[in-house]
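Trainee: This is the structure I have questions about; it appears just below.
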Amino acid sequence: MTATDVTKTPEGDEPRPAGEITWRDGDVPYSPHFGDIYFNPNDGLAETRYVFVEGNNLPNAWQARENFVIGETGFGTGLNFLAAWQCWDADANRSKRLHFVSVEKYPLARDDMIRAHQSWPELSQYSEQLAHIWPHETMLPGVHRFSLADGAISLTLLIGDAIECWSGYDGKIDCWFLDGFAPSRNPDMWHPDLFAALASASNPDGATLATFTAARIARDGLESADFKVSKRKGFGYKRDMITASFSAPEDATGLPDTFEIADDPWFNLPRTQSAKSVAIIGGGLAGAACANALRARGCAITLFEKSDQLANAASGNPIGMLEPYLTVDDAIMGRFYEAGYRFSHRMIKKLSDQGRVDADFCGVIDLATSARKRERLDGLIARLGDKPDLVEALDADQASERFGLPLPHGGVFYPSAGWVNPPSVVRSLADGIDVHLSTTITSINDADQGKYLTDQNGSEYGPFDAVIIAGAFETRLLDQTRWLEDHLNPVRGQISFIPEDVVSDVSEDGAIKCVLSHKGYVTPARDGMLVVGATFGRDDAETDLRPDDHAFNIAQLGKVLPEIAEKLTTDMLDGRASLRTTTADHLPLIGPAPDFGAYLASYSDIDKGKKGARYVDAPYHKDVYICTGFGARGLIGAPLAAEILASEICDMPLPLEKALMHAIHPARFIIRGLKRRQITA
C-alpha cells in the first residue's frame, strides 16, 4: 500500500477500527485508523513502478532465473503485486516462475479490492485474475497460498502483524518492497525488529530493497540490520527515497546482533536444486496431490501404487466430509488444519467448477451432542461469531431446518463446507501422470545418477532426482523410514451405506440438505445412498466388513436421527472398511526423511540445554521425503502437504510459517525423544 507522508487525519475524526476503510476521490481507499490513503491518487501505478520495480532493478534482477521471490510488508490493494506481475509478464527474459510473498494485517474485502482496481484499467487483465482467486470469506490470520498464471506465479499472503509474520517465516527473498502506511502514521511497523526479520528472511546469496520513504526511522533501522542503504531521487514531489542491499556474512560469527541464528538446526531444511524427475510411492490422496503439485512446477512424475487401482485405501471412500477444523484457541494443530482446509477447499472447488470432481458445497452442521462439545462450540462462536461466512451458531430448530430433518440439538453451521468424492479427486490430480499399479516398492537406493527404486519382483526404476514416500502404514517398511514403526498407528474405519429411500420415508422434503457431523457423520445422498460413519478401531489393521461395526454406526446415528436408525438392520447395509494412519500428536509427517542414526549421533546431548547454534544442520537421507499420518483428515491435510513438499523440493517459498513447519517435521519425534531421554544414541 504505497502511502504518502502528507495525508492528514481530518480534524474531529474519532478513532476507527483498524481494518475499516472509507473512499476518497472516487475509488481511492482511505484508512481512518491510520489517517492515510492506500496509494497516490494522482498516479499510484507510476509511483509503484518507479519506487519498487525500478528501485529493485527489475526486470534485470530476475532474468535467466528459475525462481525469483519478491517480499513485501503491506499488500493493501495489491497494486505493487499487479505492477510487478505486469512487468514480469512483459519481459521475454523473465524468470521461469515469480513468487510474491506479502504481509497484510487487514486484508481488503473482495468487493473493496475490485473497486480499488478500477483506478488502473491498464492492469485489468491481471487484476481480474487476482479478484477471481481472492477469497469471498474472511481471511483468518496465517499463511494463504494462491496460484495464478497457470502456476507460473504464486502469491503467498501472510495475514497478521508484519513484524510477527516476517519473524516467523523463512522466505529466501530476492528483493523487498518495503511498503506500508507512512512511518509518521504507523510507526509501530517501522521498528528495528521488522528490519531484523527482513534480514533473516532474505536470500543469503543477496537481496535488494526499495521503499518510498527516506525517513530516518527507515534508514537507521535498515542499517542496524546490516542493509547497505542508499538514497535515490524520490517520486514526484518527494525529494528522496531509499534503496538498499543485503548479503549474509559467510561466517556466522560475523552476523549482526539482529540476525537470528536458528535455535533448532535439527529442523533446518536441506538446500535443494530444482528437481526435474520425482518418484512418488503411494497412489492415494497424498500421493496424487504431490504428483499434481510437482507437475505444476514442471517436474516429470512417476507414481507407484501397490494396489491394482488408485485410491484403494481410505481415499477410496465414496463420500468424505470437507469440513473446516476451526478451534477455540491458537493451538498448533488447529492452525495447521485451518490452513489445510482453506487450501483444500480452493483446490477442490476449482476442480468441481471444472466438472472434474464430484462434490457438493452444501454446508456442514456440527452438532453439540454433549456438554463438552457445547462448550467448545460456544468458544468457537465467541472467537468467530462475527464472521458468519465462516461459522454460524444454530439452535435446534434452525439446525433442523437447515438439515431437513428434526435434530435434538443445536450447533454450528459451516457454510463453505460440504462433501466430496475422494476417488474423483485422486483421479483428477493424477490425470496424465505416469502410474505403475500393482507395484510394491521395497527399497530406495542411491547411485551417481540419482535415486533408484526396486519393486517386489526385483525390477528397478530410475534415476530420479527425489523420492516422496506417501504411503500409509506400510511407510515403516522402507529402510529410510523404518524408525517410524513406533510412531505410525493404524486406525480401522468402517462406514455404512444407507439406501436413500429410507430417508425419504421420514422426510417431508424427501432429502437431507447438508452434511451432519456429530460423534459420527451422515451425508446427503449420492448415487442413491447416504454414507454414515465411521468407526475408530485403534491398532486394528484389518479391512473386513463387520456387522458389529454396522451396528455401532446405527447406534451412533440413533442418538441424533432415531427415526432413521430404527428402520435399519445390519444385514441390510453395505459399506466399506479402510485404514487411517495416525501419529501420537495427531499431526502428519511432512518433510525430508531424517537419517535416524545420524540424528542420534548429532544430537545425543540435546537434553543438556546447549544452544542450537552449537549443533550441525539436520542430517537427512538425501532427496527422500515423507508425506503420511493424516488420520481421518486427509482431505484437509494432504493437498497442503503436497504444496509444502513441492515447494521444498523445488526450492520455492513455503506455504506455512516456521512454527507449523517444525510441528509437522518428521524429525520432531526423534528430537522429543532425545530431549526427554526416551531414546539414546
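Trainee: Can you confirm whether the range 285-293 contains a residue that is surrounded by 19 or more Cβ atoms within 10 Å (Cβ to Cβ), at pLDDT below 95 and not polar (S, T, N, Q)?
Mentor: no
Trainee: Can you run down the residue pairs with Cβ atoms below 8 Å, 6 or more apart or on separate chains, where the first is in the range 329-343 and within 13 Å of Leu656 (Cβ to Cβ) and the partner is basic (Lys, Arg)?
Mentor: Hits for this filter: Tyr337/Arg633; Gly340/Arg633; Phe343/Arg145.
Trainee: While we're here: Quick one: in the range 610-626, of everything that is out of contact with any strand residue (DSSP E or B) (no Cβ under 9 Å at 6 or more places or on another chain) and of a type in the set (Lys, Arg), which residue is surrounded by the most Cβ atoms within 10 Å (Cβ to Cβ)?
Mentor: Only one residue fits best here, namely Lys610.
Trainee: On the basis of being surrounded by fewer than 19 Cβ atoms within 10 Å (Cβ to Cβ), within 28 Å of Met189 (Cα to Cα) and either touching a residue at least 12 places away in the same chain (Cβ under 8 Å) or among the aliphatic types (A, V, I, L, M) (or both), does Ile114 make the cut?
Mentor: Judged against the criteria, Ile114 is a match.
Trainee: Something else: Could you please find all residues in the range 407-444 being closer than 17 Å to Cys362 by Cα and touching a strand residue (DSSP E or B) at 6+ places or on another chain (Cβ under 6 Å)?
Mentor: The answer is Gly411, Val412, Phe413, Tyr414, Ala417, Gly418, Trp419, Val420, Pro422.
Trainee: Looking only at residues in the range 531-556 that are hydrophobic (A, V, I, L, M, F, W, C) and buried (at least 19 other Cβ atoms within 10 Å of the Cβ), which one is nearest to Trp419 (Cα to Cα)?
Mentor: Only one residue fits best here, namely Val531.
Trainee: Going through the range 595-609 one residue at a time, which ones are surrounded by 14 or more Cβ atoms within 10 Å (Cβ to Cβ) and in a loop (DSSP other than H, G, I, E, B)?
Mentor: Residues satisfying the conditions are Asp595, Tyr603.
Trainee: In addition: Can you name the residue in the range 293-321 that is under 19 Å from Thr439 (Cβ atoms) and of a type in the set (D, E, K, R) and, of all such residues, is farthest from the chain's Cα centre (by Cα)?
Mentor: Ranking the candidates gives Asp308 first.
Trainee: Test of understanding: among Ala447, Ala472, which residue is surrounded by fewer than 16 Cβ atoms within 10 Å (Cβ to Cβ) and assigned by TED's automatic domain parsing to the domain that holds Cys650?
Mentor: Selected residue: Ala447, the only one of Ala447, Ala472 that is surrounded by fewer than 16 Cβ atoms within 10 Å (Cβ to Cβ) and assigned by TED's automatic domain parsing to the domain that holds Cys650.
Trainee: On the given criteria, is Glu47 of a type in the set (Asp, Glu), at pLDDT below 95, assigned to a loop (DSSP other than H, G, I, E, B) and not assigned by TED's automatic domain parsing to the domain that holds Leu654?
Mentor: No, not satisfied.
Trainee: Within the group Ala92, Ala182, which residue is without any contact (Cβ under 8 Å) to a residue 24 or more places away in the chain and in a loop (DSSP other than H, G, I, E, B)?
Mentor: The unique qualifying residue is Ala92.
Rundown of residues vs (1) surrounded by fewer than 21 Cβ atoms within 10 Å (Cβ to Cβ); (2) of a type in the set (Val, Ile, Thr), yes/no style:
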position	(1), (2)
Thr138	yes, yes
Val143	no, yes
Ala149	yes, no
Ala162	no, no
Cys165	no, no
Gly171	no, no
Trp176	no, no
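Trainee: Residues that are modelled with pLDDT under 90: find the helices (runs of 4 or more DSSP H) completely inside the range 479-589 holding 1 or more of those.
Mentor: The helices (runs of 4 or more DSSP H) meeting that bar are 500-504.
Trainee: How many residues are part of a helix (DSSP H, G or I), surrounded by fewer than 20 Cβ atoms within 10 Å (Cβ to Cβ) and more than 16 Å from the chain's Cα centre (by Cα) when one looks only at the range 120-136?
Mentor: 9
The values are calculated or read from the model by the stated rules, or taken from the named source; none is laboratory data. Predicted model only: the values in this text are computed from it and were never measured. Please note: Cβ atoms are built from the backbone with ideal geometry, for glycine as well, and neighbour counts cover all protein chains shown.
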